[in-house]
Every structure is written in structure tokens, then in C-alpha cells.
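Worksheet: the structure to be examined is printed underneath.
The values are calculated or read from the model by the stated rules, or taken from the named source; none is laboratory data. Quick caveat: nothing in here was measured; it's all calculated off a predicted structure. Every residue, glycine as well, gets a Cβ built from its backbone with ideal geometry; the counts of neighbours run over all protein chains shown.
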């Protein structure tokens, strides 16, 4: 049977808006303070993990206040060369750019090869191949700290998408995208601070800082770890005394009696299940090697 006229709906189809459902999407201005708190947690977790890279005491990591920015202004602040990595965070693959100062990376590479940890006076146009391994190690540490700082569940992943030494060439965000920026300044001893940037689009903030993922979950009525049944639970504690790189030629030439000079960091990280819980200095007690705790993060 063929109808003689087209059917027309009697009324408009209902549209369920967030106001009717009692839910509203928070604005970037409302989420920036939460991003600032996440940045503070990130800086606190990152600082002790940088000790092996700076060959000394754990540097200071100071998080600034999260701000709104655009790609042109941010690109000028990052500079023409940096270790830039775009990450996809969580089930929604929210974009998050991590940018580490190029001079700091090259200084770490110089220290790995026995130098004083100084960047070259004239910066190269591209990061050398010798910096790739250092960038990968930093990336792994940053990803672990981000998962903790953002309060992501264990099932949520953070995956590297791509890297580039040029912020412009990386094209992490479409041109003109409103951005949310966190800057963390790292200070080693008396040297000039160097920055790490955490950058995302304003539109991705709700996915990164969703309810229940914006802060670590707190358990009411915290159990006393000094009481049973927790007190006698065995935990494996690892002290990272030396973390060094040697060439393939040196490995091939190893033989009994060979002496390899090592440099033990003044601040030794103590880890349980890969997480740094404290740092300490190496010394002696009762004719045995011992570590005096200088800072605890539990």
C-alpha cells in the first residue's frame, strides 16, 4: 500500500540536555584549579625519581598554577627544540603533551657519558640519537607519575602516540585550539631551573579530570600499618645505589680484575614494587653498609 502523503511528526523529538538531567559539564575555568592540584601531585612524585639522572640529591620540583594558553604563545615558551611527546590518556584517549627542556635532556646525556651534566653552548637543531634512550626513560617515569597524579584506575592506560623535537612539527593540537597548561620547574642544586610542560586541550579536561579520577581515592578509617595483620607482612625493599650506562665495547672486554668506576648518588631512592617511598644517604652502622633516611614519601 502506497501512502498518498508524507508522514509528519506531531511534535519535535525530545532532546535530553544536561540541565534537565541535573548534570552540567564543568568549564575550563572550573577545572583549572583541579589541574593545578594534579600538577602538584605530579611534581611531588617526579622529584625523587629524577635523582639518578642528576647524579646528586633529588632536585626540587615546583608546580605553577594551571593556566589557559594558545599554541603560538606556548610554542614560543617551549622554544624551537624540546623533548616533546604526545600521550593518549584513559579510555577516551584524551591528548596530553609532555615537553621536557632540551638543555636538561642533553645535560643528562652528557652526565651519562661522564661529563658534568652541561648542555652544549650552541643547541643543535635536532636531538641527537644519543638522547633517544634518555627521552624514553624520562617518558616512562613521567607516565607513571601522571597515572598517580591524575588518580587513574589501574585499568586506564597512558600510551605514547608520537614524539618530535619541534613543538610545531609535532602538531599535537589543531591550530588555534584553546589549551590548558601546567608548568613544573625543576631545580638542581644551584643551577638555573628548567621546565617540564603538561599541556592538553580545554575540551579534553573533563576526560582527564573526571569525577573519581581527579584525585587519589581516600579510604576512611585508615588502617595502622604497625598493627596486625599488616605489621608482619613482608615487603621487598630495593635500594638503587647505582644506575649507569656502559658501552658494548666495555661489556665485551669484561674480565676478572677489571675495574669499573661508579658514582653512587648522594640521595639513594628506596623502592617498594617500583614506587619510591623514601630517599637516603649511604653510610655505615655496626660495621655494615647502611642508609640514613633523608626524606620519606609514604
I need a count of the residues in segment 150-165 that are surrounded by 14 or more Cβ atoms within 10 Å (Cβ to Cβ), at pLDDT below 90 and either out of contact with any helix residue (DSSP H, G or I) (no Cβ under 7 Å at 6 or more places or on another chain) or more than 22 Å from residue 44 (Cα to Cα) (or both).
4
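Condition check ((1) at pLDDT 90 or above; (2) within 14 Å of the chain's Cα centre (by Cα); (3) in the same structural domain as residue 261 (by TED's automatic domain parsing); (4) buried (at least 18 other Cβ atoms within 10 Å of the Cβ)) across all residues:
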{"residue": "5", "(1), (2), (3), (4)": "no, no, no, no"}
{"residue": "10", "(1), (2), (3), (4)": "no, no, no, no"}
{"residue": "15", "(1), (2), (3), (4)": "no, no, no, no"}
{"residue": "53", "(1), (2), (3), (4)": "no, no, no, yes"}
{"residue": "101", "(1), (2), (3), (4)": "yes, yes, no, yes"}
If you go through segment 39-92 one residue at a time, how many are over 28 Å from residue 169 (Cβ atoms), out of contact with any helix residue (DSSP H, G or I) (no Cβ under 7 Å at 6 or more places or on another chain) and assigned to a strand (DSSP E or B)?
0
Given (1) more than 14 Å from residue 83 (Cβ to Cβ); (2) more than 16 Å from the chain's Cα centre (by Cα), index of the condition residue 172 fails:
(1)
Against the condition surrounded by fewer than 14 Cβ atoms within 10 Å (Cβ to Cβ) and modelled with pLDDT of 85 or more, how does residue 192 come out, does it pass?
yes
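Okay, residues lined up against (1) out of contact with any strand residue (DSSP E or B) (no Cβ under 8 Å at 6 or more places or on another chain); (2) closer than 21 Å to residue 166 by Cβ; (3) modelled with pLDDT under 90:
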{"position": "63", "(1), (2), (3)": "no, no, no"}
{"position": "66", "(1), (2), (3)": "no, no, no"}
{"position": "87", "(1), (2), (3)": "no, yes, no"}
{"position": "90", "(1), (2), (3)": "no, no, yes"}
{"position": "123", "(1), (2), (3)": "yes, yes, yes"}
Selected residue [in the same structural domain as residue 58 (by TED's automatic domain parsing) and under 14 Å from the mean Cα position of the chain (by Cα)] from 166, 130, 157, 190:
157
Any idea which of (1) part of a loop (DSSP other than H, G, I, E, B); (2) within 14 Å of residue 50 (Cβ to Cβ) is the one residue 184 doesn't satisfy?
(1)
In segment 55-70, residue farthest from the chain's Cα centre (by Cα) [restricted to those that are within 25 Å of residue 123 (Cβ to Cβ) and crowded, with 21+ Cβ neighbours inside 10 Å]:
59
